[in-house]
Amino acid sequence: MNAISCHEADAHLASETHYLGWRAEQALGSPDATLFSLDVDEASSRLSDVYNSNRLRLAGRPQDFRMRLRTSQIGRLGLATLAFGAEIDIEQSGDRPFVLVTTQVSGFSRVTTAAGTAEGGRGFVVVDSAGQSVRKRFSGDSERCNVRVDQAAIDAKCAALLARPLDRPLHFSPFGSNNGTVQRRWIGLLQMLLGYVGTTVPAPSEPIIHNLEEAVLLHLLLEHEHSYSEALRQARTGLAPRHVKRAEDYIRANAREALTLERIAEAVGCSVRTLGEGFHKARGTTPMNFLRQVRMAGVRSDLQGDCRPGGIAEIALAWGFNHLGRFAADYRRSFGESPSETLRRAA
């Protein structure tokens, strides 16, 4: 396991983080949006209702324990601050479909993931990915400001930037944001979000909320390292040939049909070899893998929709997945959850 040492942020960053803590206190201090608990087991249960399943263990004095979770919602983004009042260990399972970005506003934390261990005080940013377990130690005076982003929203934005469906789960580097510049930009976005908590937004201003959501998604995808960062950099530096774009459009329009390489190439007016080379250079994949991604995204959309044409097997078969066991494994690999879990959440 690699150990990553994250030292106290510089004076400017610490000042911004101190102000962030004050903003969060003002914005999220409403009693009806606050959960208190003096019991470790009850606190663990309440946190599981909001975030991932977890296991809390008291490392400090029992008489000091006092969980305070303050929550709010801005569009599709969940905002919260969390403090325990005592030194605590928490193990999070990562079993829920969201990305959680935590920013230390006071105290100290040490975080261990499969990628390594990092620690820090004010301004320390950690990105928890869906499906990734994590262990954290918080000091007694620790408080974090959390932003929860639904996995479906960030997957959709990433796919739109790539101009293709995702073919594997989107996982973030947990500690890669702690380079000063990215931290300050993230804290600036947090302050803007907090400015809209608890306020009634007039109809003409509703696009502001949408744009703030978009800013958060773009900031995470374009400034934080993750499993698609290199693909996004390539997508922004080169344009796909016309026959590749035409093939993509053709595949999207006919994905439910029995498509072959020959049929796709004939439809766009090029050879199979030219088509394959174009996809490899422009998209880093093959035409048939792109078709599989489009079909997988179609299944997910049907499972999430209000009007589903049938059960999981019927939907998968309609999208051309004839081997249901292999489909289920590929679906979990693509989205980090089983088809039945997607269907259950949409119910």
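The values are calculated or read from the model by the stated rules, or taken from the named source; none is laboratory data. Only a predicted model underlies this, so the values are computations on that prediction, with no experimental measurement involved. Positions of Cβ are generated from backbone atoms using ideal geometry, with glycine treated the same way; all protein chains shown enter the neighbour counts. Keep in mind that these areas ignore ligands, DNA and RNA; they rest on the heavy atoms of the full protein, side chains included. Shrake-Rupley method; radii C 1.70, N 1.55, O 1.52, S 1.80 Å.
Treating cross-link reach as a plain straight distance, find the lysines whose alpha-carbon is under 24 Å from the alpha-carbon of LYS157, omitting any fewer than eight places away in the same chain. Reachable lysines: LYS245, LYS281. Taken along its principal axes, the alpha carbon cloud of the chain reaches lengths of 72, 51, 42 Å, longest axis first. Which log10 I(q)/I(0) values, to two decimals, does region 8-144 give at q = 0.11, 0.19, 0.21 Å⁻¹ under the Debye formula with one point per Cα? Log10 I(q)/I(0), no solvent term: -0.37, -1.23, -1.52.
The share of accessible area on the chain that comes from carbon and sulfur is 50 percent, using a 1.4 angstrom probe. Per residue, the accessible area of the chain comes to 48 Å² when a 1.4 Å probe rolls over the protein heavy atoms. Sorted on the mean count of surrounding Cβ atoms within 10 Å across their residues, most packed first, peptides 278-287, 123-132 read 123-132, 278-287.
In the chain, a dipole from Cβ-located charges (positive for Lys and Arg, negative for Asp and Glu) runs towards its positive end, and of LEU20, SER301, GLY121 it is SER301 whose Cα lies farthest in that direction. With Cα atoms defining each centre, region 257-309 and region 131-201 are spaced 31 Å apart in the structure. Dividing the helix sum by the residues of the chain, where each DSSP H run of 4 or more adds -39500 (n - 2.57), gives a mean residue ellipticity at 222 nm of -14000 deg cm²/dmol.
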